[in-house]
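Here is the structure we will look at.
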Amino acid sequence: MKYTFVIAAFIFLSSCVKVEDDSINSSVKMNSESEEISFIIDLKVNSNSTEDLNLFVNEITENVIKNEDFCLEYGYYVSEDMTSVTLYEKYKNSDGATKHGQNFIESPYFERFFNLFTLENFVVTGPASEEFKKFTSDNGFVIEYRESVDGFIR
């Protein structure tokens, strides 16, 4: 009995040894070290549009899922009155964002998008490349660029 108690006590005490947890530091990356760029796009829903908002958003989202593995996040956020939308997109890097732009302009969704929405504000966060900035400017997009001052990504 005494022997069992000693073994149980030894197992209990040895299991209580503190193990250093580096998972917090290893999973945090400073924004300034990331190549990811994000789009925050404010849209007004055109009241005279012939597009069904939910159907269109579902179709274009499925297209991005199937064809753009460089897109990390893509979401439409609609106001309660269904008159305003914020489109949030995140890409691995500027090359992926440029490819998305090329795909979008060449797709049947481009005309439908601007039938449904009026672009009110377009903000790009992160280290957008000069090539990306030239591509968007050449294609008529007016964008406000913002780079990271501080922050992190998990």
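The values are calculated or read from the model by the stated rules, or taken from the named source; none is laboratory data. Here the structure is a predicted model, which means the values were calculated and not measured. We place every Cβ from the backbone using ideal geometry, glycine too, and count neighbours over all the protein chains shown.
Computed values, structure above
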quantity: Only listed residue being without any contact (Cβ under 8 Å) to a residue 40 or more places away in the chain and on the phi < 0 side of the Ramachandran plot, chosen from Phe110, Phe56, Phe132, Phe122; calculated: Phe110
quantity: Any hit, the range 21-41, residues being touching an Asp or Glu at 6+ places or on another chain (Cβ under 6 Å) and either at negative phi or at pLDDT 95 or above (or both); calculated: yes
quantity: Residues satisfying the stated conditions in the range 84-131, i.e. surrounded by 18 or more Cβ atoms within 10 Å (Cβ to Cβ) and among the β-branched types (Val, Ile, Thr); calculated: Val85, Thr98, Val124, Thr125
quantity: Failed criterion for Ile105 (all others in (1) of a type in the set (A, V, I, L, M); (2) touching a strand residue (DSSP E or B) at 6+ places or on another chain (Cβ under 8 Å); (3) modelled with pLDDT of 95 or more hold); calculated: (2)
quantity: The lone exception for Glu111 - which of (1) at pLDDT 95 or above; (2) under 18 Å from Ile40 (Cα atoms) it fails; calculated: (2)
quantity: Residue within the range 41-49 that is surrounded by 15 or more Cβ atoms within 10 Å (Cβ to Cβ), closer than 23 Å to Lys134 by Cα and among the polar types (S, T, N, Q) present; calculated: no
